[in-house]
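Each reported figure results from applying straightforward, stated rules to the coordinates on display, with no laboratory input. All of these numbers come straight from a predicted model, not from anything done at the bench. All Cβ positions, glycine included, derive from the backbone under ideal geometry; neighbour counts span all protein chains shown.
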């Protein structure tokens with residue numbers, strides 16, 4: 001499965017020439033803010049300059065993927081096609097390797113049939129291949145990390161010793177430094193592991209302390225860097241206030257107001273450069289919160305819209321166009337909900353862990369804004385629920401019953 005998935009992704013990248021990024025805006029489409037930071041690192045400018053020109057140090061993005069980009073840029077050239085091939089191949093490898101935790105989770109929680117179909121679907125489905133081969137971004141890496149963390153959480157209920165706790169802390173530390181949105185699932189996964197182990201009489205206090213120490217040790221150096229550079233505590237990323245403003249304010253309709261982003265709005269970019277990143281983000285946060293407090297009912301409607309867009313797809317022109325374009329997207333969400341409901345009804349142990357993942361992970365996007373790729377990190381779990389739901393809706397024929405009926409006739 002992994003080999004087939006990797007070959008398909010690399011093959012599509014080569015045939016569709018997805019490694020050929022346009023040179024407009026000084027190659028900004030090649031990694032966007034992460035590409036800019038990677039270039040700055042490769043040129044010796046430090047973790048800086050996330051937009052255009054020289055704007056100084058930044059914490060706009062978490063560090064793992066920009067450092068990966070910078071390493072590739074140093075070896076294969078800044079914004080070169082070779083660098084694009086290397087980075088998209090890395091994404092493809094992460095996506096292909098995700099077949100392994102998908103198979104392991106589904107086999108452990110459902111059965112071998114769900115495991116095989118889920119893994120092959122991940123390997124073959126075009127929408128999965130699209131995100132992997134089109135964008136130089138951390139999406140595929142974050143997806144793999146979350147799937148492995150989910151699998152480890154399941155495995156830890158029956159494992160003794162400290163190694164699994166060490167791995168749990170390390171993986172969550174790397175995940176936090178890759179995509180901070182994943183952290184919304186951290187409390188639920190930790191509590192679930194503790195509860196399941198307690199149910200079987202296994203102690204977890206020492207393990208929880210070990211995982212916590214490892215996690216804190218992993219993220220502290222970057223937090224210390226941010227404090228040293230900016231003179232205040234920043235938990236990995238600085239841009240939450242700006243993101244909040246890009247989804248909330250006059251003219252907000254539940255989608256991303258990209259025309260207010262510093263990369264697309266000259267006035268906003270000038271403000272960012274003049275005020276500095278921390279001052280700019282604080283100002284945008286203040287504007288967003290003022291809007292939310294003064295328009296609480298409208299904010300609630302916007303959150304509901306973003307909830308709908310996350311699970312049913314973004315609006316595309318007319319209502320008819322939206323329905324046609326998002327039919328499969330919405331159907332996938334509906335089938336996943338059916339699968340989750342059936343798993344809860346059958347009281348499968350994994351059901352509540354799946355439930356909390358689907359409830360908690362999207363929360364930051366409900367209050368800011370939704371983009372299509374934001375759902376990708378939980379697509380492996382959704383895919384398993386979809387396959388399980390389909391098998392529950394259309395159960396396989398009982399072969400013994402069929403044979404008996406055949407003999408009776």
With R₀ set to 51 angstrom, the calculated FRET efficiency between the beta-carbons of residue 54 and residue 216, to the nearest 0.05, is 0.95
Stretched fully, the stretch from residue 294 through residue 3 gains (0.36 nm per residue minus C-alpha distance, one decimal, in nm) 99.3 nm
Expressed as a whole-number percentage, the relative contact order of the chain with C-alpha contacts under 8 angstrom and at least six residues apart is 17 percent
With Cα coordinates, the longest principal axis of the chain makes an angle with the long axis of helix 379-393, in degrees rounded to 10, of 30 degrees
1/(1 + (r/R0)^6) with r = Cβ-Cβ of residue 198 and residue 348, R0 = 25 Å, i.e. FRET efficiency to nearest 0.05, evaluates to 0.85
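How high is the relative contact order of region 136-278, given as a whole-number percent (alpha carbon pairs under 8 Å, six or more residues apart)?
Details: 115 pairs, mean separation 27.8, N = 143.
The normalised contact order for region 136-278 reaches 19 percent.
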So the compactness index of region 43-184, its C-alpha Rg divided by 2.2 N^0.38 Å, takes the value 1.21
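What number do you get for region 321-401 when its Cα radius of gyration is normalised by 2.2 N^0.38 Å, N = residues?
Values: Rg = 14.8 Å, N = 81, 2.2 N^0.38 = 11.7 Å.
Here the answer is 1.26, to two decimals.
Under the rule a/c < 1.5 gives rounded, and otherwise a/b versus b/c splits prolate from oblate, where does region 306-364 land using the Cα gyration tensor?
On the way: a/c = 4.95, a/b = 2.00, b/c = 2.47.
Judged from the Cα gyration tensor, region 306-364 comes out oblate (a/c at least 1.5, b/c at or above a/b).
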With label points set 7 Å from each Cα along the Cα-to-Cβ direction at residue 307 and residue 394, the distance between them in nm comes to 3.1 nm
Per principal axis, largest first, the Cα atoms of region 139-229 extend in Å by 47, 27, 19
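Using helices alone, what [θ] at 222 nm do you get for the chain, with -39,500 (n - 2.57) per DSSP H run of 4 or more residues, divided over all residues and rounded to the nearest 500? Walk me through the intermediate numbers first.
Working: 20 runs with 286 residues, N = 409.
-22500 deg cm²/dmol, from helical runs alone.
Using only the Cα atoms of the chain, what semi-axes does the equivalent ellipsoid have when each is the square root of 5 times a gyration tensor eigenvalue? Give whole Å, largest first. Could the numbers behind the result be given before it?
Details: eigenvalues 274, 128, 112 Å².
Gyration-tensor ellipsoid for the chain: 37, 25, 24 Å.
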Helix 112-124: inclination vs the chain longest Cα principal axis, degrees, rounded to 10, gives 40 degrees
Helix 163-176 sits off the longest principal axis of the Cα atoms of the chain, rounded to the nearest 10 on a 0 to 90 degree scale, by 40 degrees
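What is the Cα radius of gyration of region 187-258 over 2.2 N^0.38 Å, N being its residue count?
On the way: Rg = 19.1 Å, N = 72, 2.2 N^0.38 = 11.2 Å.
Ratio of Rg to 2.2 N^0.38 Å for region 187-258: 1.71.
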